[in-house]
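K.L.:
Mind having a look at this structure? Questions to follow.
The values are calculated or read from the model by the stated rules, or taken from the named source; none is laboratory data. Please read these numbers as outputs of a predicted model, since none were measured by experiment. All Cβ positions, even for glycine, are placed from backbone atoms using ideal geometry, and neighbour counts span all protein chains on display.
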Protein chains: 2
Amino acid sequence: MASPITPRSTDFSAWYNDLVAHADLAEHSPVRGCMVVRPYGWAVWEAIRDYFDARIKATGHVNASFPLFIPQSFLAKEADHIEGFAKECAVVTHYRLKTDPKHGVIVDPEAALEEPLIVRPTSETIIWHSFQQWIRSYRDLPLLINQWANVVRWEMRTRPFLRTTEFFWQEGHTAHASAEEADAEARTMLEEYRVLAEDIMAVPVIPGVKSPSERFAGATQTYTIEGLMQDGKALQMGTSHNLGQNFGRAFDVTYTDANGELQTPYATSWGVSTRLMGALIMVHSDDQGLRLPPRIAPVQLVVVPIITEKTASRLPEIHAIVEGLQQELPHLRVKIDDDMQQRPGYKFAEWELRGVPLRMAVGPRDLDESAVELTRRDTGEKLQVPVAELATRIPQLLEEIQQTLYAQAREYRDAMTRTADTWEEFQRVITEERGFVLAHWDGTAETEDAIKKATKATIRCIPFAGDAAPGVCVYSGQPSQRRVLFAQAY
Amino acid sequence: MASPITPRSTDFSAWYNDLVAHADLAEHSPVRGCMVVRPYGWAVWEAIRDYFDARIKATGHVNASFPLFIPQSFLAKEADHIEGFAKECAVVTHYRLKTDPKHGVIVDPEAALEEPLIVRPTSETIIWHSFQQWIRSYRDLPLLINQWANVVRWEMRTRPFLRTTEFFWQEGHTAHASAEEADAEARTMLEEYRVLAEDIMAVPVIPGVKSPSERFAGATQTYTIEGLMQDGKALQMGTSHNLGQNFGRAFDVTYTDANGELQTPYATSWGVSTRLMGALIMVHSDDQGLRLPPRIAPVQLVVVPIITEKTASRLPEIHAIVEGLQQELPHLRVKIDDDMQQRPGYKFAEWELRGVPLRMAVGPRDLDESAVELTRRDTGEKLQVPVAELATRIPQLLEEIQQTLYAQAREYRDAMTRTADTWEEFQRVITEERGFVLAHWDGTAETEDAIKKATKATIRCIPFAGDAAPGVCVYSGQPSQRRVLFAQAY
């Protein structure tokens, strides 16, 4: 059977699009740049969301909900912020349609809004307007709020999950009494993102600080986690911002401190989005399809009965094995694919495409021998396992698969992380091999820009860890404080 | 201490608004008709949502996500649908702002969309556009999809939760091979809504069928559950629609049946929204504040230590009791309010206002006697309970409170449900006493309209149950098939 998936080596971008379409993750919609997230894709996102929502709450934050629309004047209150978002926003200007004898349905020109509304590209402004009411005394701080929301940025070139006009995310917004506390919060949430990426999604990431030119519009410091995709390009997977007093000042937020004096609070914001789905696909998948980490796989074990019409009477025995297993492992996410109209080979390919970590095949002979065949999606390895051992072996195997996916991704990432000490070497590695390049940078925006123009590589971050020795800028020859992380990026 | 809440008897509407504001449920936003849902309010909504999401999945549906925006031409494809929604929709006409030397930031006139986009008021059209791709064969049916989403309807008069420009809901959208199956689906989901209202929210409802003039725009049949608020007005709490083949036809959806013939599928849609929060408030609350049913209360038990600075050393003993309790009852949602800067009396009032079902007060003498004082929010009853019995008594009490809230609401509703057999009686009851009135109706839209004009009462539903004997229309004297349910409504 010919695979519907373009091989990675032929065309990485076509491979990605094929996976998104054929693994039932998402599809294009008739609205430019907006995607339809299909049930299987949404189930993966729900698994990520449920894990992280629990972490948000465990770290002392509470969820709330702020309006979808932002008055145009709000967006304009913080100068960098409007600069960053004005060029890519959906604007609501009218509140009614009407029927027109000539053109059918038209926008009713008499229903123009006095002030246009922006569909939120991010919610700092509308949330800090509320914070102005909520924060009166030092006893109201820290204020630790999160919302799960859809946001809209009018992107010109879109790709499913990676860059879409509408996307889904959580946005944390917090207020603190001191600059230090705000910075600690921003770093705490970045660390939560690192754990989400590495321990849950099995995607190794490099955490660090953005250079000033890559900061969020309105931030004094932006922290990031950066992953490396299988085509050697980097993906920014989550950012956390120390916003200083910019939004507090823009929205006139003050509180009375313990000494009775008026102060302006310090802010953070932080978000991860459906973009994470893109990382999941591009880091783990192969030419057969997705490979989902067990911790977020909507189906962890798929059971394929090897049954014909002649042996259909034995199907109840297979169901009995699965029911027994489900009783011993109530949290295991199992699916039995007992559609008699499809052949096992087709089903195997289908569930490989969808990245289910473990497959169990059971036929009459297996039933006679009280054993089943398990196949690992990560390695393709097949194991004969006695039915009596399933409840212990399956959780072990799922854990092994989780670790193997991480180890494989880590091995690739490490092999593709190089140092470059001359401009020639830097150019060659970035353009011929891609990957992460650790190189010295003189700290100026001019050099950063020149490197970007020459190689399309940007500074992904100044890593928290790694070689911090000073040196000489790979481009300008000027002194450099430490190596920073370069890559071409999505 | 003066209550911040206007008494129900003084001004029901002010009472409602006070509760919404002071119990930290929601507040007005600077965007006309949009609300900010505050953390406590959002936690209640999350409890409702989590319960119902599990039911949606248990009944075989899967979640997905469709775009926020709907092309104007889509909305126009189904004639009744555009008629129903054109007058109240937010229209995106531009995709960029720009800075203008004179006016600051303005909408960029050069960034007009070719076709305006409507912020979804409901998603039938955009979803049936996808269904056109998804449904090819009878084997693709039934297709059972749900999404949790924000929707926008440009309402002129808004009230928090009851009628807001942006609101939150789930919308189920399904496709079926037969009219009977679609109708059964619509009724199954209405029954789920009844259980949600009655068993989870403790709000008694009357399920039934809408009269043709009250149907959803584009439906062939609309089912509803109707609750009665404490001011005698009805609230439509959830609706489920049999859409027939209207959307299948409008979006050219066909499939090949088992005989190889082309067919058009039958549709349903069904939704409950944050409007349910309004019912929760208006059915159960009193002049002291909310009274939340334990099954959806974000905090089921609040512990207030009766401790002064002198006795602060005993606080760890109180924490130990709560930790022990939490170990025995891991699902119990407990909060300890050990803020030493507020007095117990203030805290009691605060948690009553927020409707926490059970309060535990513990002071040094209680510790000496190994007993605590529990206070029920529903009845105000105080009980001395030995610490050793807490783990058995608390779940019993929570269950009793759940039942009592339902019984009280049911008693009110039943007392306020009357029959009227003459037009004078009908008018008197509806205008002087309000409540539900079961009366005969001749089945015509003219009579329905005349009754509405005279009394503001509408037909809430033709109940599934109850007196189905024929009679004579209370207004026109014409023959009536059965009594229907009238009320003034939100």
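K.L.:
Given the conditions (1) under 28 Å from the mean Cα position of the chain (by Cα); (2) under 30 Å from B:Pro71 (Cβ atoms); (3) of a type in the set (Ser, Thr, Tyr), and given that A:Thr174 satisfies all but one, which numbered condition is not satisfied?
P.N.:
Against the list (1) under 28 Å from the mean Cα position of the chain (by Cα); (2) under 30 Å from B:Pro71 (Cβ atoms); (3) of a type in the set (Ser, Thr, Tyr), A:Thr174 comes up short only on (2).
K.L.:
Let me ask something additional. Scan the range B:255-272 for residues that are surrounded by fewer than 21 Cβ atoms within 10 Å (Cβ to Cβ) and in contact (Cβ under 8 Å) with a residue 40 or more places away in the chain and jot them down.
P.N.:
As a first pass, look at the range B:255-272 and keep what is surrounded by fewer than 21 Cβ atoms within 10 Å (Cβ to Cβ): B:256-264.
B:Thr256, B:Asp257, B:Ala258, B:Gln263, listed by residue number.
K.L.:
Is it true that B:Thr6 is surrounded by fewer than 20 Cβ atoms within 10 Å (Cβ to Cβ) and away from chain A (no Cβ under 14 Å)?
P.N.:
Working: surrounded by fewer than 20 Cβ atoms within 10 Å (Cβ to Cβ): yes; away from chain A (no Cβ under 14 Å): yes.
For B:Thr6, the condition - surrounded by fewer than 20 Cβ atoms within 10 Å (Cβ to Cβ) and away from chain A (no Cβ under 14 Å) - is met.
K.L.:
Further question on the same structure: For the list (1) more than 9 Å from every other protein chain (Cβ to nearest Cβ); (2) of a type in the set (A, V, I, L, M); (3) within 30 Å of A:Pro298 (Cα to Cα), I need the number of the one condition that B:Ala43 fails.
P.N.:
Every listed condition holds for B:Ala43 apart from (1).
K.L.:
Would you pick out the residues in the range B:243-296 that are among the polar types (S, T, N, Q), under 21 Å from B:Gln170 (Cβ atoms) and part of a loop (DSSP other than H, G, I, E, B)? Explain how you work it out, then say what you get.
P.N.:
In the first step, residues of the range B:243-296 are kept if they are among the polar types (S, T, N, Q); the result is B:245-246, B:254, B:256, B:259, B:263-264, B:268-269, B:273-274, B:285, B:288.
So of that shortlist, the ones also under 21 Å from B:Gln170 (Cβ atoms) come out as B:268-269, B:273-274.
Matches in the range B:243-296: B:Thr274 only.
K.L.:
Is one or more of the residues making up the range A:139-150 within 9 Å of chain B (Cβ to nearest Cβ) and either hydroxyl-bearing (Ser, Thr, Tyr) or without any contact (Cβ under 8 Å) to a residue 12 or more places away in the chain (or both)? Working first, answer last.
P.N.:
Of all residues in the range A:139-150, those within 9 Å of chain B (Cβ to nearest Cβ) come to A:139, A:145, A:147, A:149-150.
Those still in the list that are either hydroxyl-bearing (Ser, Thr, Tyr) or without any contact (Cβ under 8 Å) to a residue 12 or more places away in the chain (or both) too: A:139.
The answer is yes; a qualifying residue exists.
K.L.:
Filter the range A:135-146 for residues that are surrounded by fewer than 22 Cβ atoms within 10 Å (Cβ to Cβ) and not aliphatic (A, V, I, L, M) and give the result.
P.N.:
A:Arg136, A:Ser137, A:Tyr138, A:Arg139, A:Asp140, A:Pro142
K.L.:
Exactly one condition in (1) more than 9 Å from every other protein chain (Cβ to nearest Cβ); (2) under 24 Å from B:Cys34 (Cβ atoms); (3) charged (D, E, K, R) is not met by B:Arg96; state its number.
P.N.:
Here B:Arg96 meets the rest and fails (1).
K.L.:
Here's a check for you: in the range B:202-245, which residue that is crowded, with 22+ Cβ neighbours inside 10 Å and polar (S, T, N, Q) is nearest to B:Glu411 (Cα to Cα)?
P.N.:
Ranking the candidates gives B:Thr224 first.
K.L.:
Shifting gears a bit: Among residues belonging to the range A:110-129 that are at the interface with another protein chain (Cβ under 9 Å from one of its Cβ atoms) and not in a helix (DSSP H, G or I), point out the one that is nearest to the chain's Cα centre (by Cα). Explain how you work it out, then say what you get.
P.N.:
Looking only at the range A:110-129, we keep the residues that are at the interface with another protein chain (Cβ under 9 Å from one of its Cβ atoms), and these are A:111, A:113, A:116-119, A:126-127, A:129.
When the remaining residues are screened for being not in a helix (DSSP H, G or I), the result is A:113, A:116-119.
Values: A:Leu113: 36, A:Pro116: 31, A:Leu117: 28, A:Ile118: 24, A:Val119: 22 Å.
By that ranking, first place goes to A:Val119.
K.L.:
Report the residue count in the range A:130-139 for those that are outside any loop (DSSP other than H, G, I, E, B) and hydrophobic (A, V, I, L, M, F, W, C).
P.N.:
To start, the set of residues in the range A:130-139 that are outside any loop (DSSP other than H, G, I, E, B) comprises A:130-134, A:137-139.
Within this subset, residues satisfying the condition of being hydrophobic (A, V, I, L, M, F, W, C) are A:131, A:134.
Count: 2.
K.L.:
In this structure, is A:Ala450 of a type in the set (A, V, I, L, M, F, W, C), assigned to a loop (DSSP other than H, G, I, E, B) and assigned by TED's automatic domain parsing to the domain that holds A:Ile430? Full working, then the answer.
P.N.:
Working: of a type in the set (A, V, I, L, M, F, W, C): yes; assigned to a loop (DSSP other than H, G, I, E, B): no; assigned by TED's automatic domain parsing to the domain that holds A:Ile430: yes.
Criteria not met by A:Ala450.
K.L.:
Ok, one more. Just checking, does the range A:323-331 include any residue being over 24 Å from A:Glu46 (Cβ atoms), away from chain B (no Cβ under 14 Å), surrounded by 16 or more Cβ atoms within 10 Å (Cβ to Cβ) and among the hydrophobic types (A, V, I, L, M, F, W, C)?
P.N.:
So the first thing to find is which residues in the range A:323-331 are over 24 Å from A:Glu46 (Cβ atoms), and the list is A:323-324, A:327-328.
Then drop every residue that is not away from chain B (no Cβ under 14 Å), which leaves A:323-324, A:327-328.
Narrowing the set further to residues that are surrounded by 16 or more Cβ atoms within 10 Å (Cβ to Cβ) leaves none.
No, there is no match, as no residue in the range A:323-331 is over 24 Å from A:Glu46 (Cβ atoms), away from chain B (no Cβ under 14 Å), surrounded by 16 or more Cβ atoms within 10 Å (Cβ to Cβ) and among the hydrophobic types (A, V, I, L, M, F, W, C).
K.L.:
Quickly run through the range B:366-397 and pick out the residues that are crowded, with 20+ Cβ neighbours inside 10 Å and in contact (Cβ under 8 Å) with a residue 60 or more places away in the chain.
P.N.:
Matches in the range B:366-397: B:Asp366, B:Arg377, B:Asp378, B:Leu390, B:Ile394.
K.L.:
Can you pull out the residues in the range A:338-372 that are within 23 Å of A:Gln396 (Cβ to Cβ) and within 14 Å of chain B (Cβ to nearest Cβ)?
P.N.:
A:Arg354
K.L.:
Test of understanding: among B:Glu180, B:Glu185, B:Glu166, which residue is surrounded by fewer than 19 Cβ atoms within 10 Å (Cβ to Cβ) and either more than 9 Å from every other protein chain (Cβ to nearest Cβ) or over 27 Å from B:Asn242 (Cβ atoms) (or both)?
P.N.:
Numbers: B:Glu185 fails: surrounded by fewer than 19 Cβ atoms within 10 Å (Cβ to Cβ); B:Glu166 fails: surrounded by fewer than 19 Cβ atoms within 10 Å (Cβ to Cβ).
From the options B:Glu180, B:Glu185, B:Glu166, the qualifying one is B:Glu180.
K.L.:
Restricting attention to strands (runs of 3 or more DSSP E) lying wholly within the range B:311-386, give those where 1 or more residues are more than 26 Å from B:Leu280 (Cβ to Cβ) and either under 33 Å from the mean Cα position of the chain (by Cα) or not hydroxyl-bearing (Ser, Thr, Tyr) (or both). Write out each step before concluding.
P.N.:
Values: elements: B:334-336, B:358-362, B:371-376, B:382-386.
Counting at least 1 such residues, we get B:358-362, B:371-376, B:382-386.
K.L.:
Every residue in the range A:415-454 that is closer than 24 Å to A:His284 by Cα and in contact (Cβ under 8 Å) with a residue 24 or more places away in the chain, please.
P.N.:
Kept after step one, since they are closer than 24 Å to A:His284 by Cα, are these residues of the range A:415-454: A:415-418, A:429-438.
Across the range A:415-454, the qualifying residues are A:Met416, A:Thr417, A:Ile430, A:Thr431, A:Glu433, A:Arg434, A:Gly435, A:Phe436, A:Val437, A:Leu438.
K.L.:
Take the residues in the range A:404-413 that are touching a residue at least 12 places away in the same chain (Cβ under 8 Å) and not hydroxyl-bearing (Ser, Thr, Tyr), then tell me which one is surrounded by the most Cβ atoms within 10 Å (Cβ to Cβ). Give the derivation first.
P.N.:
Residues of the range A:404-413 touching a residue at least 12 places away in the same chain (Cβ under 8 Å): A:404-406, A:408-410, A:412-413.
Checking which are not hydroxyl-bearing (Ser, Thr, Tyr) leaves us with A:405, A:408-410, A:413.
Details: A:Leu405: 23, A:Gln408: 16, A:Ala409: 25, A:Arg410: 15, A:Arg413: 20.
Across the range A:404-413, the extreme among qualifying residues is A:Ala409.
K.L.:
I need the full set of residues from the range A:81-93 which are of a type outside the set (S, T, N, Q) and within 9 Å of another protein chain (Cβ to nearest Cβ), in order please. Steps first, answer last, please.
P.N.:
Our first condition is that a residue be of a type outside the set (S, T, N, Q); within the range A:81-93, this holds for A:81-92.
Passing the criteria: A:Ile82, A:Glu83, A:Phe85, A:Ala86, A:Lys87, A:Glu88, A:Cys89, A:Ala90, A:Val91, A:Val92.
This table checks each residue for (1) buried (at least 19 other Cβ atoms within 10 Å of the Cβ); (2) modelled with pLDDT under 95; (3) not assigned by TED's automatic domain parsing to the domain that holds A:Leu143.
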residue: A:Val20; (1), (2), (3): yes, no, no
residue: A:Arg32; (1), (2), (3): yes, yes, no
residue: A:Trp45; (1), (2), (3): yes, no, no
residue: A:Ala58; (1), (2), (3): no, no, no
residue: A:Ala64; (1), (2), (3): yes, no, no
residue: A:Tyr95; (1), (2), (3): yes, no, no
residue: A:Asp100; (1), (2), (3): no, yes, no
residue: A:Gly104; (1), (2), (3): no, yes, no
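K.L.:
Could you grab me the full set of residues in the range A:414-447 that are assigned to a helix (DSSP H, G or I) and buried (at least 21 other Cβ atoms within 10 Å of the Cβ)?
P.N.:
Step one: of the range A:414-447, the residues assigned to a helix (DSSP H, G or I) are A:414-415, A:423-433, A:445-447.
Correct list: A:Phe426, A:Val429, A:Ile430.
K.L.:
A follow-up question, please. One residue is enough: does the range B:206-220 have a residue meeting the conditions in contact with a Pro (Cβ under 8 Å, 6 or more places away or on another chain), aliphatic (A, V, I, L, M) and farther than 27 Å from B:Ser178 by Cα?
P.N.:
Initial filter on the range B:206-220 (in contact with a Pro (Cβ under 8 Å, 6 or more places away or on another chain)): B:206-208.
Remaining after also requiring aliphatic (A, V, I, L, M): B:206.
Of the ones still in play, those that are also farther than 27 Å from B:Ser178 by Cα are B:206.
Checking the range B:206-220: at least one residue is in contact with a Pro (Cβ under 8 Å, 6 or more places away or on another chain), aliphatic (A, V, I, L, M) and farther than 27 Å from B:Ser178 by Cα.
K.L.:
Regarding B:Val36, is this residue under 30 Å from B:Leu19 (Cβ atoms), of a type outside the set (Lys, Arg) and without any contact (Cβ under 8 Å) to a residue 40 or more places away in the chain?
P.N.:
On the way: under 30 Å from B:Leu19 (Cβ atoms): yes; of a type outside the set (Lys, Arg): yes; without any contact (Cβ under 8 Å) to a residue 40 or more places away in the chain: yes.
It is true that B:Val36 is under 30 Å from B:Leu19 (Cβ atoms), of a type outside the set (Lys, Arg) and without any contact (Cβ under 8 Å) to a residue 40 or more places away in the chain.
K.L.:
Working only within the range B:301-313, note down all residues that are buried (at least 24 other Cβ atoms within 10 Å of the Cβ) and polar (S, T, N, Q). Write out each step before concluding.
P.N.:
First, pick out the residues of the range B:301-313 that are buried (at least 24 other Cβ atoms within 10 Å of the Cβ): B:301-302, B:304-305.
If the condition is that a residue be buried (at least 24 other Cβ atoms within 10 Å of the Cβ) and polar (S, T, N, Q), then no residue fits.
K.L.:
When you check B:Val36 against the structure, is it surrounded by 23 or more Cβ atoms within 10 Å (Cβ to Cβ) and facing chain A (nearest Cβ under 10 Å), yes or no? Before the answer, list the steps.
P.N.:
Numbers: surrounded by 23 or more Cβ atoms within 10 Å (Cβ to Cβ): yes; facing chain A (nearest Cβ under 10 Å): yes.
Criteria met by B:Val36.
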